[in-house]
Amino acid sequence: MLTDTERQAAADAILTAERTRKVCPQPSATWPEMTLEDAYEVQRRWAEARIAAGAKIIGRKIGLTSRAMQQASKMTEPDYGVMLDDALFRDGARIPAGTFIKPRLEVELAFIMGADLSGPGCQVHDVLRATEFVQPALEIIDYRTEVPRQIVDTIADNAAFGAIVLGGRTIRPFDADLRWIGATLSQNGTIEETGLSAAVMGHPAAGLAWLVNKLAPLGDGLKKGEIVLGGSFTRPVDIASEDVIFADFGPLGAIGVSFE
């Protein structure tokens with residue numbers, strides 16, 4: 001367990017790395033005794049500093065939802081972070097690649113909450129009842145710390161969140177079997193990844209149920225109007241300046257963005 005001073009030092013280091021676009025040492029390398037509780041507290045302090053500087057929280061992201069990624073991170077459950085309004089882009093955006101350090105891109109579904117939702121005991125059907133819309137999304141992930149990283153480093157670094165891109169067609173959660181939404185991800189005209197949303201814990205809403213139950217002991221939950229990224233169902237693809245990205249979600253439309 002870290003002291004308050006150590007937790008603040010870790011948050012400050014990540015803030016500096018984000019501002020300067022230069023990675024900082026992994027918190028776990030500086031403080032090997034760092035726990036998951038410490039990591040989420042560092043994340044909270046990072047978010048508080050960003051909010052104090054003018055950003056607003058627009059929702060949450062869930063990561064490590066696939067079994068393969070959990071095994072690679074030596075975790076048995078997902079992790080989560082917050083999303084800020086200055087990291088929200090729309091279909092057709094031209095995004096400055098220099099905003100990030102080493103950006104990668106994943107295909108996901110975004111859930112827009114139509115009602116507050118809290119646990120414990122939250123199930124997939126509770127998530128679906130509380131969701132107003134589901135929409136195609138891309139997540140840009142980015143690391144502000146050196147690699148290799150322990151799970152505490154990823155969590156402290158806001159679960160590697162970089163930005164979110166929304167696009168495609170908005171649907172209501174019962175208008176389609178969300179498990180069977182597929183997508184292809186093309187980079188500069190070449191399909192690099194394909195995936196099916198059932199890869200996210202068997203159902204893309206399962207991650208939200210997990211998150212609601214995880215937040216319950218903290219007296220927290222999901223709020224009406226928040227956007228929640230349910231987790232990737234493709235492997236991350238490295239992106240760079242001049243890349244053109246096109247994600248085709250079939251009946252749900254597509255998202256196209258470019259990087260400058």
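Taking the charge dipole of region 59-259 about its Cα centre, with +1 at Lys and Arg Cβ atoms and -1 at Asp and Glu Cβ atoms, the residue from 111, 164, 97 reaching farthest to the positive side is 111. Look at the Cα gyration tensor of region 126-260: its axes a ≥ b ≥ c give a/c of at least 1.5 with a/b at or below b/c, and that counts as oblate.
Normalising the average separation of contacting C-alpha pairs (under 8 angstrom, six or more residues apart) by the number of residues puts the relative contact order of the chain at 27 percent. Across region 147-225, the mean sequence separation of Cα contacts (distance under 8 Å, 6 or more residues apart), normalised by length, yields a relative contact order of 16 percent. Electrostatic tally near residue 198: other residues with Cβ closer than 11 Å to its Cβ, Lys and Arg +1, Asp and Glu -1, net 0.
Within region 144-223, list the GluC sites (Glu not before Pro) lying in a DSSP loop whose Cβ has at most 13 other Cβ atoms in a 10 Å radius.
Hits after loop and neighbour filter: 146.
Working ranking of peptides 37-48, 92-103 by packing, defined as the average number of other Cβ atoms within 10 Å per residue, highest first, is 37-48, 92-103. Exposure proxy ranking for 84, 138, based on other Cβ atoms within 10 angstrom of each Cβ and starting from the fewest, stands as 84, 138. Between residue 55 and residue 35, the simple label model (points 7 Å from Cα in the Cβ direction) yields a spacing of 2.7 nm. Of 17, 52, 163, the residue with the greatest mean-square motion in the GNM of the chain, using alpha carbon springs below 10 Å, is 52. When each of the peptides 55-64, 125-134 is scored by how many other beta carbons lie within 10 Å of its residues on average, the order from highest to lowest is 55-64, 125-134.
Quick one: order 215, 105, 36, 208 by neighbouring beta-carbon count within 10 Å, fewest to most.
36, 215, 105, 208
Return the subset of 102/224; 61/214; 22/224; 102/214; 56/224; 61/102 for which the Cα-Cα distance in this structure is over 25 Å, preserving the input order. Going by Cα-Cα distance, 102/224; 22/224; 102/214 fall outside the 25 Å limit.
Any read-out appearing in this document is the output of simple, stated calculations on the displayed coordinates, not a laboratory observation. Values in this document were obtained by computation on a predicted structure and should not be read as measured data. With ideal geometry, Cβ positions are generated from the backbone for all residues, glycine too; neighbour counts draw on all protein chains shown.
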